[in-house]
Amino acid sequence: MKTWLDAWPVFRQLTGNDPLGRGTAARSKATEQVVSRTATADHVAKSVCPFCAVGCAQKVYVEDGRITQIEGDPDSPVNRGRLCPKGAASKQLVTSPTRVTKVRYRRPYGTEWEDLELDTAMEMIADRVLEARRKGWQEEDGPPGNRHRVNRTMGIASLGGATLDNEENYLMKKLYSAMGAIQIENQARI
């Protein structure tokens, strides 16, 4: 006959066949009903942690179009299934209710911030990049009589961050060089 003591884990540990309390003695009714966040996933997408240049592989568990869990990928030779605290918390990048989904913009000489759609903000950035390129464009450089063709802009520069991997840095170098920029640097070299 079961008594109220049987619901108490310490009693089950002392009287049952689990004296170390690492098995059935430690399990409650609530524990029995717990289901892993990865068990109910519809599919698993492979990804790379965005926080630093190490490139730790991640498994992103998705259920009904929502991310339910992000874990390290044990098949990766880089992190062998482990993630640092930032990587382990990367699910919050896309699921946090405080995630910013609009672009905040304050017009020149304005005092109030306004929300812009991402497409609008991207168009504004593109327009400003083209204008800075046009204003800072140099076709030739050097003293008169000894001029050299340079075809560059001094109105655009790039400083990459440490979270960029080699491929992203390569693409940034190509993009800025194609625009004529020559001041292209990375935080990792500074």
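Every number here is computed from the coordinates shown, using simple stated rules; none is lab data. On a predicted model such as this, the values are computed, not experimentally measured, just so you know. Here Cβ is always computed from backbone atoms with ideal geometry, including for glycine, and neighbour counts include all displayed protein chains.
For D64 and A178 in the same chain, what is the full-extension length gain: residue separation times 0.36 nm, less their Cα-Cα distance, in nm? Spell out each step's value before the answer.
Numbers: separation 114, 0.36 × 114 = 41.04 nm, distance 4.16 nm.
Full-extension gain reported as 36.9 nm.
Relative to the longest principal axis of the Cα atoms of the chain, the long axis of helix 118-135 lies at roughly 30 degrees. In the stretch 43-95, the alpha-carbon atoms span a convex hull of 63 Å³ per residue.
Shape call for the stretch 104-170 from the C-alpha gyration tensor, a ≥ b ≥ c root eigenvalues: rounded (a/c under 1.5), prolate (a/b greater than b/c) or oblate? Oblate, since a/c reaches 1.5 and b/c is not below a/b.
The fraction of Cα-Cα pairs per 5 angstrom bin, counted from 0 for the stretch 136-190, comes to 5, 19, 23, 18, 13, 11, 6, 3, 1, 0 percent, rounded to whole percents.
If you add up the charges near Q92, with Lys and Arg at +1 and Asp and Glu at -1, over every other residue whose beta carbon is less than 11 angstrom from its beta carbon, what do you get? Local charge sum for Q92: +3.
What is the magnitude of the charge dipole of the chain about its Cα centre, with +1 placed on the Cβ of each Lys and Arg, -1 on the Cβ of each Asp and Glu, and no other charges, expressed in debye to the nearest 20? Walk me through the intermediate numbers first.
Details: 28 positive and 24 negative charges, 98 e Å.
The calculated dipole for the chain is roughly 480 debye.
For G23, the shell of other residues with beta-carbons less than 15 Å away shows a net charge of +1, using +1 for Lys and Arg and -1 for Asp and Glu. The alpha-carbon atoms of the chain define a convex hull whose volume equals 243 cubic angstrom per residue.
For the chain, C52, C84 stand unpaired, since no other cysteine beta carbon lies under 4.7 Å from theirs. Model label points for V78 and S158, set 7 angstrom from Cα along the Cα-to-Cβ axis, are 2.0 nm apart.
Below 8 Å between Cα atoms, with a sequence gap of 6+, how large is the relative contact order for the chain in percent? Let's see the in-between values first.
Numbers: 241 pairs, mean separation 21.5, N = 190.
Dividing the mean separation by the residue count of the chain yields 11 percent.
For the chain, the number of Lys pairs with C-alpha atoms closer than 30 Å, counting only pairs eight or more positions apart or on separate chains, is 23.
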